[in-house]
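Engineer: Below you will find the structure I want to go over with you.
Read the figures in this text as sums done on the coordinates, not as results from a lab. Predicted, not measured: the structure shown is a model, and the values here were computed from it. Using ideal geometry, Cβ is built from the backbone for each residue, glycine included, and neighbour counts are taken over all protein chains shown.
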Amino acid sequence: MRYLPSAPSEDRALLDAIGVQRAEDLLGGVPSELRLKRELNLPGHLSEQEVLRQLEALAARNTPFQARFLGAGAYDHFVPTAIDMMVSREEWFTAYTPYQPEVSQGTLQHIFEYQTLICDVTGLEVSNASLYDGGTSTVEAALMAVRLQKKRNTILISQGLHPHYQEVLCTNITPHEGLKLVTVALKDGVTDMEDLKSKLTPDVACFLAGYPNFLGCVEDLTAISALTKAAGALLVSVTQEAMAFGWLEGPGKVGADVACGEAMSFGNKLSWGGPYLGFIAVRDAHKREMPGRIIGQTKDLDGKTGYVLTLASREQHIRRDKATSNICSNQGLVALRANIFLQLAGPEGLKGLAEQNAAKAQYLQSRLLENPKFKAAFTAPFFNEFVTRFNGDVKQLQATCEKEGILPGLDLSPYAENLKNCILWCATETTTREQIDRLIAVVSRVA
């Protein structure tokens, strides 16, 4: 907020109403030895124009890229102007949380619609009112599976799961005494079925697989589901690129019991890394163990449609020992953007956007593989990301691209020893043929 209208006369009126002489008197309950006896070490006041000039100078230090081929969990998608205009309406900014249904029907309705749309794209029956991001939604899905499976305490995770999500899992699961995380190896970019089968012991609560995974490869959830169900475990699909739902079958339709991940691709901007939009959807039988809250549709005494908080299993609503999660708020405004985006696109529009992603990624790969320095790292199918091995200096390649105003793919060397000299490339509907051809020209000079 750039303007805080608080005149000295208004400050005086507030203090008089409270019954104190100075604002400092409000700190009377804080022991004197704990109070700061000097001014804060902050720069002096600046005018609005001076602040804006400083911010513009900082922004000018950023590298402006004319073409982007980096994904890995943050994707450059087109955001229609209509979304910015619609979410700028005052009722969305003033509504915080829908505790009072009589004054929150707009907020409750848009969350209910969001839940419905997430169920549509995932092929599952129940969704909650969104979560913080893909990493935390993965944690919530894993803990939910453990609660559902009662006496099972092992969580299997595919090595193809996003490494950042794996770190968040380790951070959150490790403090839970008795829970174990076990990694399942990859083979040709997807889960090694033999390794998975050998690790599906009777104590396994669930298996988490990327869909698509971090390397862009599409896992065979149908085959994985057959193994997990035979072992009595749940299958959790984790999707970091939600646009793939326009191209791939919903995970619930191919065997997943829980679908979670990141939905920022639906109408949200990259915004320097956030806020993101975690989602989770489950089968109807599991809904009472979902984290957060679920909005439902009902009828009032006059028979008119209304929306209410139907299930709320967080600590603020029920006894702490009965809560499923300590999540406090859903990403309401970010979920609203996803809601508007999906309704503007519609089923055919989403499918068309996804088709552009897939086609442009195929073209990008084919052009790169024309150069003998590049080889396809895996043969598994992919959506809009894929990995190539580069027989050359990856750092030099990246530096050259950046000098030309091109943001190249991700160097995978830091993530695993067997991914040395591998690059994860991404193309979306915003990528043009001209941008791809220019990348190839720049790459050819290096390679």
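Engineer: Return, for the Cα atoms of segment 81-342, the radius of gyration and Dmax in Å, separated by a comma.
Structural biologist: Just the Cα atoms of segment 81-342 yield Rg and Dmax of 18.2, 60 Å.
Engineer: Taking every DSSP beta bridge with both residues inside the chain, roughly what % is antiparallel (nearest 5)?
Structural biologist: Details: 28 of 49 bridges.
Approximately 55 percent, going by the DSSP bridge assignments.
Engineer: May I pose another question? Ranked highest first by the average count of other Cβ atoms within 10 Å around their residues, in what order do 191-200, 140-149 fall?
Structural biologist: Details: 191-200: 16.9, 140-149: 22.1.
The most tightly packed comes first, giving 140-149, 191-200.
Engineer: Per residue of the chain, what 222 nm ellipticity follows from adding -39500 (n - 2.57) for every DSSP H run with n ≥ 4, rounded to the nearest 500?
Structural biologist: It lands at -11000 deg cm²/dmol.
Engineer: Under a 10 Å cutoff between Cα atoms, tell me which one of Leu248, Leu419, Leu36 has the largest fluctuation in the Gaussian network model of the chain.
Structural biologist: It is Leu36.
Engineer: Name the residues of segment 404-418 whose amide N is less than 20 Å from a point 7 angstrom out from the Cα of Asp437 along the C-beta direction?
Structural biologist: Only 404-407 fall inside the zone, counting backbone N under 20 Å.
Engineer: When DSSP beta bridges are limited to those with both residues in segment 135-244, what percentage is antiparallel, rounded to the nearest 5? Write down the numbers at each step before the final one.
Structural biologist: Details: 2 of 16 bridges.
So the antiparallel bridges amount to about 10 percent of the total.
Engineer: Kindly list the residues of segment 61-90 that lie in the label zone of Leu270, defined by a backbone N under 13 Å from the point 7 Å along the Cα-to-C-beta vector.
Structural biologist: Those under the cut-off are 62-79.
Engineer: Another question, if that's okay. When the convex hull of the C-alpha atoms of the chain is computed, what volume per residue in Å³ does it have?
Structural biologist: Details: hull volume 96.2 nm³, N = 447.
Once divided by residue count, the hull of the chain is 215 Å³.
Engineer: Still on this structure, I have one more. Measuring from the lowest to the highest alpha carbon on each principal axis, how far does segment 380-447 reach, largest first, in angstroms?
Structural biologist: 34, 28, 15
Engineer: Once Lys and Arg get +1 and Asp and Glu get -1 on their Cβ, which of Ile436, Gln365, Trp272 lies farthest toward the positive end of the dipole of the chain?
Structural biologist: Farthest towards the positive pole: Gln365.
Engineer: Let me ask another. In whole angstrom, and with the biggest value first, how far do the Cα coordinates of segment 10-61 range along each principal axis?
Structural biologist: Extents along the principal axes: 47, 30, 14 Å.
Engineer: Right, next: Could you line up Phe245, Phe341 from fewest to most neighbouring Cβ atoms inside 10 Å?
Structural biologist: On the way: Phe245 27, Phe341 24.
Going from sparsest to densest Cβ surroundings: Phe341, Phe245.
Engineer: Also: Please find, in a Gaussian network model of the chain (springs between Cα atoms separated by less than 10 Å), the residue of Pro31, Pro408, Pro291 whose mean-square fluctuation is greatest.
Structural biologist: In the Gaussian network model the winner is Pro31.
Engineer: Hey, another quick one. Taking the chain as a Gaussian network, Cα atoms linked when under 10 Å apart, which of Val139, Val126, Val79 shows the biggest mean-square fluctuation?
Structural biologist: Of Val139, Val126, Val79, the Gaussian network model singles out Val79 as fluctuating most.
Engineer: Right, something else. Starting from the Cα of Ser366, step 7 Å along the direction of its Cβ; do the same at Ala399; then give the gap between the two resulting points in nm.
Structural biologist: Result: 3.4 nm between the two label points.
Engineer: Report, in debye and to the nearest 20, how large the dipole of segment 81-342 comes out about its Cα centre when Lys and Arg carry +1 and Asp and Glu carry -1 on their Cβ.
Structural biologist: On the way: 23 positive and 28 negative charges, 153 e Å.
So the dipole magnitude of segment 81-342 works out to roughly 740 debye.
Engineer: What is the dipole size for the chain, taken about its Cα centre, with +1 at each Lys and Arg Cβ and -1 at each Asp and Glu Cβ, in debye to the nearest 20? Walk me through the intermediate numbers first.
Structural biologist: On the way: 44 positive and 51 negative charges, 167 e Å.
In total the dipole reaches around 800 debye.
Engineer: Taking amide H atoms as placed 1.01 Å from N in the peptide plane, list the residues 5 or more away in sequence, or in a different chain, whose amide H sits under 5 Å from that of Ile157.
Structural biologist: Val182, Thr183, Val184, Leu208
Engineer: State, to one decimal in nm, how far the label point of Ala7 lies from the label point of Thr298, with both points 7 Å from Cα in the Cβ direction.
Structural biologist: That separation, rounded to one decimal, is 4.7 nm.
Engineer: Something else: Calculate the length of the line joining the C-alpha centroid of segment 354-433 to that of segment 2-59, in whole Å.
Structural biologist: 50
Engineer: Test of understanding: what is the full-extension gain from Leu14 to Lys253, defined as 0.36 nm times their sequence separation minus their Cα-Cα distance?
Structural biologist: 80.2 nm
Engineer: How far apart, in nm, are the 7 Å Cα→Cβ label points at Lys420 and Ala23?
Structural biologist: 5.8
Engineer: Mind checking the full-extension length gain between Val182 and Glu90? Use 0.36 nm per residue of separation minus the Cα-Cα distance, one decimal, nm.
Structural biologist: Here the answer is 28.4 nm.
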